[in-house]
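Heads up: the structure comes next, in structure tokens.
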């Protein structure tokens, strides 16, 4: 089952770890906030995505089931 | 096409049984009971079925099918809560205020029927701080309580005068005792809202329609409007002569008719509100007030605001004022909105000044692209929509401004934009 | 005859692992503040700062476990296992050891919530993690009070260095908190900034490069 990486924009404070851990899906805008690709997270990126979710200092990321 | 009937064409469809206007008929409780009787409590399933058959959509701007919202909350669990959202928040719109002042009992009937539909025993009515209106609503509620009409207890809650105060999750946040700030939509309000309970938030006009559909049925509602978008809606018409009128009209009525464009010519028309879209007057005149026709034009009926900008006014100046207002009304919670909108506001002001920096247009477009769809609510999206349509429609005026000229003959502001920028928690509670 | 007995070895082990735990814990607190302030360690990606913060804390817990268990196992003084978790019930030095128990309890809560941090509500994790600012001073006082080693010589120097590092980081953190723009003034500040520093101006470009205003 594919998953989708989502960010809670009210919790995000622009630490930027997500872009380092999952560059295939996350880049940072000119203000340091994540631009998350709408592409689903396939199995081979799942581990990195889970790490991004756990390591985010603001706990602003989540993985939801891809509709 | 001229009407052969005595009444204007759109008025013919906005009459209810007995020839009364559907919604905007002033009634105190006695008149209301004489015309409509008590709320027709018939069980939750019956109401949801008739609302689904009627095809009622939300009248607060989003246009979401009402029956689907009712079902979602009804199925979400026990202890549901219902909120009547009367905080229209749009400075240029006054239809909700007018409806609540004129026919509060239709709204309150709808609130009770919606509460029955989702099994709620608690209801809230969320209204901006207009002192007389609050008093009137308080009296209306007391009269209903005395007559034993209401099953769910209704509490009146004050909404702060903020543009985002009427946003669904901001409504819930305020009722929960905090500031009226939107929040991230996971979990959605219909699952966890007021006090953590499944919460139904409906615009007050939607509730008023609901109260009539419950009595007169789906076919009656569908007698007006179009098949895909049935019924009537309240439209705030700000015409080019400066008059403002809240009109109850069948969906599909031509904008030219509502704004009286042939008699009161305009240079451009704003459709939907400050999150809406500018269209040229010629284009608008040919369109009906219906999403089926408006969406291909990049617009939407929204909460029914229509504003015709007269000739001799400066569309660029209006846009600069509105965009600055939209930036000031940001909740400031999300990086892209907090960073994007103020820069966009300043950039547009720069673009409207003589000899703007060559790269400013590209900067504006870049910031707009970074802000939209990256907030917790749709404020950045709507603000960007307004900005882009203004840049497109007022392109000629912008070119003149760049040369230090302005084609306007009057510098009086046309669109209402509140002064003051919120700067404390009190401004949001 | 040698004076080294099993008991002495355990006692030394406890004292040694104690001081190591204190040093590691100090590093963990400084790294935690570094993460919060979005600071970086030269040459390392951001996830290395959080990674180091987490890994050092786990190593500290290991040393702490040896510190506690060797103290309990040592027969020279009587410290029950219960006394390491329930504050002030020890027969030996109840006050200083009691403080150790307090900081151990607090650390346990911080640790457990951090292990499951993506599964508990964000606010709950944050609230518990704030206890770190309480557990550190308590641990320091426990260390100094229960060990005369730390009260002189090079071990005192080590302790002072740890305290200085943490105090410096805390002061830095406090200053940023106190000078931060209040939440409900962010928008009006951003509007003023954007108007005063237009995008094309040198100041505006600088502001953009600095990144997020928070």
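I'd like to check something: does segment B:362-372 contain any residue that is more than 10 Å from chain A (Cβ to nearest Cβ), modelled with pLDDT of 95 or more, within 24 Å of the chain's Cα centre (by Cα) and surrounded by 23 or more Cβ atoms within 10 Å (Cβ to Cβ)?
Among the residues of segment B:362-372, not one is more than 10 Å from chain A (Cβ to nearest Cβ), modelled with pLDDT of 95 or more, within 24 Å of the chain's Cα centre (by Cα) and surrounded by 23 or more Cβ atoms within 10 Å (Cβ to Cβ), which makes the answer no.
Which residue, of B:193, B:110, B:119, is out of contact with any strand residue (DSSP E or B) (no Cβ under 7 Å at 6 or more places or on another chain), crowded, with 22+ Cβ neighbours inside 10 Å and either touching a residue at least 60 places away in the same chain (Cβ under 8 Å) or within 23 Å of residue B:46 (Cβ to Cβ) (or both)?
B:110
All but one of (1) in contact (Cβ under 8 Å) with a residue 12 or more places away in the chain; (2) surrounded by fewer than 22 Cβ atoms within 10 Å (Cβ to Cβ); (3) within 8 Å of another protein chain (Cβ to nearest Cβ); (4) touching a strand residue (DSSP E or B) at 6+ places or on another chain (Cβ under 6 Å) hold for residue A:36; which doesn't?
The number of the failed condition is (3).
If the requirement is being closer than 19 Å to residue B:175 by Cβ and crowded, with 22+ Cβ neighbours inside 10 Å, which of these qualifies: B:66, B:80, B:54, B:72?
The match here is B:80.
Give the residues of segment B:192-209 that are away from every other protein chain (no Cβ under 14 Å) and assigned to a loop (DSSP other than H, G, I, E, B), sorted by residue number.
Hits for segment B:192-209 are B:193, B:197, B:198.
Could you please find all residues in segment A:23-33 being buried (at least 20 other Cβ atoms within 10 Å of the Cβ) and either out of contact with any helix residue (DSSP H, G or I) (no Cβ under 9 Å at 6 or more places or on another chain) or outside any loop (DSSP other than H, G, I, E, B) (or both)?
A:26
For segment B:323-358, how many residues are part of a loop (DSSP other than H, G, I, E, B), more than 14 Å from chain A (Cβ to nearest Cβ) and free of Cβ contacts under 8 Å to residues at least 60 places away in the same chain?
Residues that pass the stated criteria total 6.
Checking the condition assigned by TED's automatic domain parsing to the domain that holds residue C:23 and over 14 Å from the mean Cα position of the chain (by Cα), which residue from C:139, C:108, C:65 passes?
After applying the criteria, what remains is C:65.
Which condition number in (1) touching a residue at least 60 places away in the same chain (Cβ under 8 Å); (2) closer than 22 Å to residue B:88 by Cβ is the one that residue B:269 fails?
Condition not satisfied by residue B:269: (1).
Any residue that is assigned to a loop (DSSP other than H, G, I, E, B), in contact (Cβ under 8 Å) with a residue 24 or more places away in the chain and either under 12 Å from the mean Cα position of the chain (by Cα) or more than 12 Å from chain B (Cβ to nearest Cβ) (or both) - is there at least one of those in segment A:44-56?
Yes, some residue in segment A:44-56 is assigned to a loop (DSSP other than H, G, I, E, B), in contact (Cβ under 8 Å) with a residue 24 or more places away in the chain and either under 12 Å from the mean Cα position of the chain (by Cα) or more than 12 Å from chain B (Cβ to nearest Cβ) (or both).
If I filter segment C:142-180 down to residues being under 22 Å from residue C:68 (Cβ atoms) and surrounded by fewer than 15 Cβ atoms within 10 Å (Cβ to Cβ), which single residue comes out as modelled with the highest pLDDT?
Top of the filtered list is C:148.
So, in segment B:403-429, of the ones that are assigned to a loop (DSSP other than H, G, I, E, B) and within 21 Å of the chain's Cα centre (by Cα), which residue ends up nearest to the other protein chains (Cβ to nearest Cβ)?
Filtering first and then ranking leaves B:429.
Can you tell me which condition residue B:395 does not meet? The list is (1) without any contact (Cβ under 8 Å) to a residue 12 or more places away in the chain; (2) within 14 Å of chain C (Cβ to nearest Cβ), and all the others hold.
(2)
What pairs can you find where one residue is in segment C:177-196 and more than 9 Å from every other protein chain (Cβ to nearest Cβ), the other is in a helix (DSSP H, G or I), and their Cβ atoms are less than 7 Å apart, with a gap of 6+ or different chains?
Pairs found: C:181/C:189.
So which of B:308, B:250, B:292 ends up being in contact (Cβ under 8 Å) with a residue 40 or more places away in the chain, surrounded by 24 or more Cβ atoms within 10 Å (Cβ to Cβ) and more than 28 Å from residue B:353 (Cα to Cα)?
After ruling out the rest, the residue left standing is B:250.
The values are calculated or read from the model by the stated rules, or taken from the named source; none is laboratory data. Just so we're clear, the structure is a prediction, and the values are computed from it rather than from any experiment. Every residue, glycine among them, receives a Cβ derived from its backbone with ideal geometry; neighbour counts consider all protein chains shown.
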